[in-house]
1. Identify, by number, the condition in (1) over 21 Å from Leu97 (Cα atoms); (2) open to solvent by 10 Å² or more (accessible area, probe 1.4 Å); (3) in contact with a helix residue (DSSP H, G or I) (Cβ under 8 Å, 6 or more places away or on another chain) that Arg282 doesn't meet.
2. Please identify the pairs in which a residue from the stretch 468-482 that is within 14 Å of Thr242 (Cβ to Cβ) has its Cβ atom under 9 Å from the Cβ atom of a residue that is at pLDDT 80 or above and open to solvent by 60 Å² or more (accessible area, probe 1.4 Å), counting only partners at least 6 apart or on another chain.
3. Output yes when any residue across the stretch 143-162 is under 26 Å from Gly372 (Cβ atoms), of a type in the set (Asp, Glu), assigned to a helix (DSSP H, G or I) and over 21 Å from the mean Cα position of the chain (by Cα), and no when none is.
4. Which residue, of Val265, Val220, Val233, is under 27 Å from Ala408 (Cα atoms), in contact (Cβ under 8 Å) with a residue 60 or more places away in the chain and either touching a Ser or Thr at 6+ places or on another chain (Cβ under 7 Å) or not polar (S, T, N, Q) (or both)?
5. Considering only residues of the stretch 403-426 that are in contact with a Leu (Cβ under 8 Å, 6 or more places away or on another chain) and under 15 Å from Leu328 (Cα atoms), which is surrounded by the most Cβ atoms within 10 Å (Cβ to Cβ)?
6. Applying the selection to the stretch 84-93, what residues are at pLDDT 85 or above and open to solvent by less than 10 Å² (accessible area, probe 1.4 Å)?
7. Tell me which residues, restricted to the stretch 298-332, are hydrophobic (A, V, I, L, M, F, W, C), assigned to a helix (DSSP H, G or I) and either open to solvent by less than 20 Å² (accessible area, probe 1.4 Å) or without any contact (Cβ under 8 Å) to a residue 24 or more places away in the chain (or both).
8. Report, by residue number, each residue of the stretch 120-131 that is modelled with pLDDT under 90 and either part of a helix (DSSP H, G or I) or open to solvent by 10 Å² or more (accessible area, probe 1.4 Å) (or both).
Amino acid sequence: MRSQELQQVSNVVPSSSSWGGGSKRIATLNLEGTPPSNITDSPDHKQFDHHDEDSKKPGWRKFLSYVGPGFLVSLAYLDPGNLETDLQAGANHRFELLWVILIGLIFALIIQSLAANLGVSTGKHLSELCKAEYPKYVKYCLWLLAEVAVIAADIPEVIGTAFALNILFHIPIWTGVLITGLSTLLLLGLQRYGVRKLELLITILVFVMAACFFGEMGYVKPPAVAVLKGMFVPKLSGQGATGDAIALLGALVMPHNLFLHSALVLSRKIPNSVHGINDACRYFLIESGFALFVAFLINVAIVSVSGTVCSANNISNETANQCSDLNLNSASFLLKSVLGRSSSTIYAIALLASGQSSTITGTYAGQFIMQGFLDLKMKKWIRNLMTRCIAITPSLIVSIIGGSNGAARLIIIASMILSFELPFALIPLLKFSSSATKMGPHKNSIYVIVISWILGIGIIGINIYYLSTGFVDWLIHNNLPKVANVFVGLLVFPLMLVYILAIIYLTIRKDTVVTFVVPVKHDHPVAQNNMEHGLGNSCEVGELDHIPYRENLADIPLPK
């Protein structure tokens, strides 16, 4: 009888190979409270084969088991919205807004690492914690705002893909917008036949575009002093500088990425111990730092090329005209010096890859947001179709009425909307990650709290300043009748007040819900040692050795 019980216990203990990939988390239980047969009772005999194997595993191999979420999220920092705002910033302000990119990506690294830490330490992603913490009406408002952020992030991807199709096949922008809705569904369908190969191809194409801009930057040789000055000396001069800076921040620090990253980390096997959680947080920080550093270099290269070409002393009339009307659809001329006649084709292919790869991250973010706030899970293709149909509507209308110039302007507007949306994901993240009731001993240090809140308040303050001054300036200088201006003011000013009051509410509201679960401390030394290193063998009754495996994240296509 006892041998049968031990056999049942051994059946739930995974083999060493099942732990190698790291993409599936399993919580094993010892139901009878007896040590499994492959663990010695003596603390002096720590000869459990799997433990020896794991303890001898090099640090870089442990790190590789966590790689994936940061790189998938970083694709969003190279999407068409980023490319458009980078090109506009370089053409309009030369290198003066590079400091916005530097601060934006430093801030992005901080908050993306906080999002990863939140998921690892709590076993829940941001939208689930928002649902648990806030009252029903607040929860639904935050859900709607998060959905608007996903749609706003999808608009540049729709238009960027339409621009790429226009360059490659000379089809109208509005037709490309319609085709884009089907192209993403095709891409999601192809994932069944080798998603990792497909994502690798997309990533390679995106980095081909990056290599093109790096090569062009080596050819045009932007002045190093001016680039460094623009990177480290904050300046907002010239017409539209504040709006372009906000658009840059909105394209870099996107609210839906916070929901996404906090969920993606839950697809990794993380021991439910202080040591295991600390290791996971450190590895995710290293991965995010590397991925965002690459994204930073690419964004700087794009701004530098655009700023150098469009501000050259010996610029031709043709180039001057192109720079005055620069957008994603016409930017391929920037690469002619390196790629020659093939510049437009290679640029279009890379732009197409950029839009489609970013769509994958947007689809996952939308799924996690809907599931976390509403406990509703939809198939990816249905979720993507819904988001795409909503995003296509304004893109289609603007592209029909305004053509490529109107569509390019819509990308900037969408990026600004993302910047205004940011506080409603950022403030809950900063509060939850600094709360002992949510994070326990893993809550933010006082230094991280101060730095993150200063940067967050700075971005929120810039948004409110631009929103108020921009609207007042528009009221003063528009050509509408006075009666119309009064009605517009009566409509917009209350909305601005609600926006500010909502931010204040989220900031000062005290968290009440306790979600942190204290990691288990085993009395048996062998069991404790195994749990600390991620081995699923417990010597006590009913204790979870790992943060619970998330079935809803099982099919996320992350590299091993």
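1. Going through (1) over 21 Å from Leu97 (Cα atoms); (2) open to solvent by 10 Å² or more (accessible area, probe 1.4 Å); (3) in contact with a helix residue (DSSP H, G or I) (Cβ under 8 Å, 6 or more places away or on another chain) one by one, Arg282 breaks only (3).
2. Sorted first by the residue in the stretch 468-482, then by its partner, the pairs are Phe471/Phe493.
3. No, that holds for no residue.
4. Numbers: Val265 fails: under 27 Å from Ala408 (Cα atoms); Val233 fails: under 27 Å from Ala408 (Cα atoms).
The conditions single out Val220.
5. Going through the qualifying residues, I end up with Ile411.
6. Thr85, Asp86, Leu87, Ala89, Gly90, listed by residue number.
7. Just the residues of the stretch 298-332 that are hydrophobic (A, V, I, L, M, F, W, C), to begin with: 298, 300-303, 305, 309-310, 312, 315, 320, 323, 326, 328, 331.
Those left that are additionally assigned to a helix (DSSP H, G or I): 298, 300-303, 305, 309-310, 320, 323, 331.
Scanning the stretch 298-332 gives Ile298, Val300, Ala301, Ile302, Val303, Val305, Ala320, Cys323, Ala331.
8. So the first thing to find is which residues in the stretch 120-131 are modelled with pLDDT under 90, and the list is 120-125.
Val120, Ser121, Thr122, Gly123, Lys124, listed by residue number.
The values are calculated or read from the model by the stated rules, or taken from the named source; none is laboratory data. If you're wondering where the values come from, they're calculated on a predicted model, not measured in any experiment. Cβ sites come from the backbone with ideal geometry, for glycine too, and all protein chains shown count toward neighbours. For accessibility, only protein heavy atoms count, side chains too; no ligands or nucleic acids. Shrake-Rupley method; radii C 1.70, N 1.55, O 1.52, S 1.80 Å.
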